[in-house]
Structures are given as structure tokens and as C-alpha cells.
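Worksheet: the structure to be examined is printed underneath.
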Amino acid sequence: MKIWSTEHQFSYPWETVVKAAMRKYPNPMNPSVIGVDVLDRGLDSRGRLHSHRLLSTEWGLPGIVRAILEDGALFNKYYTDNLISVDERLVYHPHPDKPDVTVLTQEAIITVKGVSLSSYLESMMARRMSANARKGWDAIEWIIQNSERENVPLCDMY
């Protein structure tokens, strides 16, 4: 298991960023995300919005990683499609001192099971998540800027 985290600040108010985040996929910066399903969405007793989404991705793993995963599955005479698991948590909150700034905290637990070199693969996935995080931030900026440029308001969250 590998734990990954990062933080980013958007120069927009919380409401703007969260509305853009709800419309984040599809976008040209993250073509690997091929599907999004909302499993659950609601407000908690403190008025915080919680959204549980399942993202389907095609990351196109490097050839060496595919070979390790395939060789491990063939050698052990089993097949499963749940070898890699990423449980990611994103928290958007207003900056405590700057009302027009939103802070995003991202955390992920990456688990690779049933193959040799799982620690190496988890570290590789963490590096890839770091690169993809920037694409996600760029996607939110792109959504906000295109909405402003076209003078189209971001849709309501509900």
C-alpha cells in the first residue's frame, strides 16, 4: 500500500471551483477517464457536500508493468481485474485568509495485489498520480475559463 497526497490552490471562490469540479469529466486534459458514475451525493449534518463517484479509466500502463501483471497472472494460473485499487479523497475548502481562493487537498491510497514487485508498481502509480493531479487542476481551470469566456454560468450542483 502506498499513500500519496498533495495540495493545490485555485484563485477562485469555493462555489466556482466546486461547480467546475462536478463537471470535471470529460475534459481534454484527462482523456484516460472514460466514465463517471455518481454512487452517492448528499449533505452531512454540518452542511458539507459529499459525493462518492466511481471513475473508469484507461491509463495505458507501460509495457513493463503490463508484462509483470500478465506474467504473474499466467504463472499463478488465475486472472482477476482487481489488481490495482486507488481510493482517492479530494477535499475542497475556502482558504482561511483569502475568500477568493479555494484549497484542494488530495489524498490517495494505492494498492497493488497479487503480483510480485507490488511496492514498485504502487510507487510508479503514485508518480503517475502526481502528474495527473496537475492535469486535473488544469481541467478545473479550463472549465471555469470556458464558462466565463462563453458567458455561460456553471450549472447548479443539483
Worksheet entry | Matching residues in region 1-50 - criterion: being under 15 Å from ILE143 (Cβ atoms), aliphatic (A, V, I, L, M) and in a loop (DSSP other than H, G, I, E, B) | MET29
Discussion item. Please determine whether any residue of region 128-147 is of a type in the set (S, T, N, Q) and at pLDDT below 80.
Written reply: no
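The values are calculated or read from the model by the stated rules, or taken from the named source; none is laboratory data. These numbers were taken from a predicted model, which means no experiment stands behind them. Glycine also receives a Cβ, built like all others from the backbone with ideal geometry; neighbour counts cover every protein chain displayed.
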